[in-house]
Amino acid sequence: MKIHTSTIVPLIMSGFFATATFAFAQGSLTPPGAPAPTMKSLDQIEPRTPISNEEYYIGSPGSYYLTTNLTGASAGNPYGIWIASDNVTIDLNDFTIQGAAGSHHGIYIYGSHTNITICNGTITGWGADGISSNYPSAPPQNVILTNLKITGNTGNGIAVGNGYVISNCSIQNNGSIGIFVDGNGSQILGNTLFGNNAAYTS
């Protein structure tokens, strides 16, 4: 019997396509949830303590930050913030510490403490100095004051002891000296001073 090859080839090809046809299983089309955070927050790395009231006393090391503007009192302890500890950072968080009639210093550093940073806000209208410390008897050491606006205080803008870094501050219209540093060894860098009774002395 004579077999025609033209008949065999279509049969083979149809068998191949029949066996090669298959379907993949489909997964869920619902997207997964948001990815979980893989990095620690700032509060987890360095827990911070909020400051929401005036006459605030800091007696322990740590990182502190303002949550609102503060207005000082004219009676009781008439300081805006009182620092009595080593290793303190205060971020004013772009808020203002506002003095009242009869108030004293805006921020006062008491004792020969070390490693203190104050930054990022305004200190204004205090009855004595904007920022002060108990120099010369027990001056603090290694203190950084940066990115501050200190204006319209009755006394000095900043009155501190030796070993400070004061940088990028605007110190304006204070009743006495803009920056008073008792002693040598401080760095005064990139500040703007005008309208004070005197600009700077040490």
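The values are calculated or read from the model by the stated rules, or taken from the named source; none is laboratory data. These figures come from a predicted structure and were not determined experimentally. So basically every Cβ, Gly included, is an ideal-geometry build from the backbone, and we count neighbours across all protein chains shown.
On the given criteria, is ASP91 modelled with pLDDT under 95, farther than 21 Å from ALA159 by Cβ and of a type in the set (Asp, Glu)? Here the answer is no, as ASP91 does not meet what is asked. If you check GLY183 against the conditions, is it over 24 Å from ASP94 (Cβ atoms), of a type in the set (Gly, Ala, Ser) and within 26 Å of the chain's Cα centre (by Cα)? No: the conditions fail for GLY183.
Among the residues of the range 49-88, those that are crowded, with 16+ Cβ neighbours inside 10 Å, modelled with pLDDT of 95 or more and in a loop (DSSP other than H, G, I, E, B) comprise SER85, ASP86.
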